[in-house]
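Engineer: Below is one structure. I have some questions about it.
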Amino acid sequence: MKEDIGLKIKQLRTSKNMTLKDLSEKTNLSIGFLSQLERGLTSIATDTLQTIAEVFDVELSYFFLKPRVKNKQVVRSYEKEVYNICTFGCIQYNLSNNLDDKQMLPRLVEILPNNTEEDIQPYSHEGEEFIYILEGTLTLFLDEKEYELYPGDSVHFSSLQHHNWANYTNKMVKILVTSTPNPYKK
């Protein structure tokens, strides 16, 4: 497992064009320790790994997900992997096993009921997003507007716009999300 964690740290670091020195300065961890960690030669405490996760803006669970399956195009319903578990109560599943050379990231997102306004912080990033509502009522925040979206509704927007979503109902919301850029692309 420590080899997988080290590899994921190295992939995140190189994808952000960071040197070991850059990561060392942001985490207060020595360059030597980080080098050994990336090569799977040492283990790491959970709280220290959380510090690294915050630098790369990923959830701690990202480091514990199983490695990607290569060169497999079909994903059976029982094979979908958890991509991320959000702090405000959503579960994101990858819908592709072969993401290394793809531009977009397709996901199924299940948003747990009863979000609060404090849970939702609009954000922006490069790329674009397409959302299709499968089940439930989604509240979408896009720039300074709020939209209620229902099953069969969809929206396509530039991710540079401030956005986020919420589930203010008492039932699960399921959405299909396709976005760019793909963080797995090499």
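Engineer: Just to be sure before I move on: is residue 78 in a helix (DSSP H, G or I), of a type in the set (Ser, Thr, Tyr) and loosely packed, with under 14 Cβ neighbours inside 10 Å in the structure I sent?
Structural biologist: Values: in a helix (DSSP H, G or I): yes; of a type in the set (Ser, Thr, Tyr): yes; loosely packed, with under 14 Cβ neighbours inside 10 Å: yes.
Against the criterion (in a helix (DSSP H, G or I), of a type in the set (Ser, Thr, Tyr) and loosely packed, with under 14 Cβ neighbours inside 10 Å), residue 78 qualifies.
Engineer: Looking at this structure, is residue 147 of a type outside the set (Gly, Ala, Ser) and in a strand (DSSP E or B)?
Structural biologist: yes
Engineer: Can you tell me which residue in region 162-186 is surrounded by the fewest Cβ atoms within 10 Å (Cβ to Cβ), limited to those that are among the charged types (D, E, K, R) and not in a strand (DSSP E or B)?
Structural biologist: In this case the residue turns out to be 186.
Engineer: Can you name the number of the only condition in (1) modelled with pLDDT of 90 or more; (2) surrounded by 14 or more Cβ atoms within 10 Å (Cβ to Cβ) that residue 30 fails?
Structural biologist: Looking at each condition in turn, residue 30 falls short on (2).
Engineer: Which number in (1) modelled with pLDDT of 90 or more; (2) surrounded by fewer than 17 Cβ atoms within 10 Å (Cβ to Cβ); (3) under 30 Å from residue 76 (Cα atoms); (4) over 17 Å from the mean Cα position of the chain (by Cα) marks the one condition that residue 159 misses?
Structural biologist: (4)
Engineer: So, one more: Would you point out which residue out of 43, 24, 30, 61 is closer than 22 Å to residue 109 by Cβ and among the small types (Gly, Ala, Ser)?
Structural biologist: Testing whether each residue is closer than 22 Å to residue 109 by Cβ and among the small types (Gly, Ala, Ser) leaves just 61.
Engineer: Turning to a different aspect of this structure: Of everything in region 108-126, what is in a strand (DSSP E or B) and either surrounded by fewer than 13 Cβ atoms within 10 Å (Cβ to Cβ) or more than 19 Å from the chain's Cα centre (by Cα) (or both)? Give them in sequence order.
Structural biologist: Within region 108-126, just 123 meets the criteria.
Engineer: Let me ask something additional. Return yes when residue 49 is within 16 Å of residue 10 (Cβ to Cβ) and aliphatic (A, V, I, L, M) and no when it is not.
Structural biologist: Criteria met by residue 49.
Engineer: Could you check residue 140 against (1) of a type in the set (A, V, I, L, M); (2) crowded, with 17+ Cβ neighbours inside 10 Å; (3) outside any strand (DSSP E or B) and say which number it fails?
Structural biologist: Result: residue 140 passes all but (3).
Engineer: What's the number of the condition residue 145 fails, among (1) touching a residue at least 24 places away in the same chain (Cβ under 8 Å); (2) farther than 23 Å from residue 58 by Cβ?
Structural biologist: (1)
Engineer: Check region 70-87 and report whether any residue there is within 26 Å of residue 16 (Cα to Cα), more than 15 Å from the chain's Cα centre (by Cα) and not charged (D, E, K, R).
Structural biologist: yes
Engineer: Only one residue in 129, 135, 146 is among the acidic types (Asp, Glu), at pLDDT 90 or above and surrounded by 16 or more Cβ atoms within 10 Å (Cβ to Cβ), so which one is that?
Structural biologist: Exactly one of 129, 135, 146 is among the acidic types (Asp, Glu), at pLDDT 90 or above and surrounded by 16 or more Cβ atoms within 10 Å (Cβ to Cβ), namely 129.
Engineer: Right, next: Could you say whether any residue in region 93-111 is in contact (Cβ under 8 Å) with a residue 12 or more places away in the chain and more than 30 Å from residue 14 (Cα to Cα)?
Structural biologist: Scanning region 93-111 turns up at least one residue that is in contact (Cβ under 8 Å) with a residue 12 or more places away in the chain and more than 30 Å from residue 14 (Cα to Cα).
The values are calculated or read from the model by the stated rules, or taken from the named source; none is laboratory data. Being a predicted model, the structure only gives us computed values, none of them experimental. When we count neighbours, we look across all protein chains shown, and the Cβ atoms used for this are built from the backbone with ideal geometry, even at glycine.
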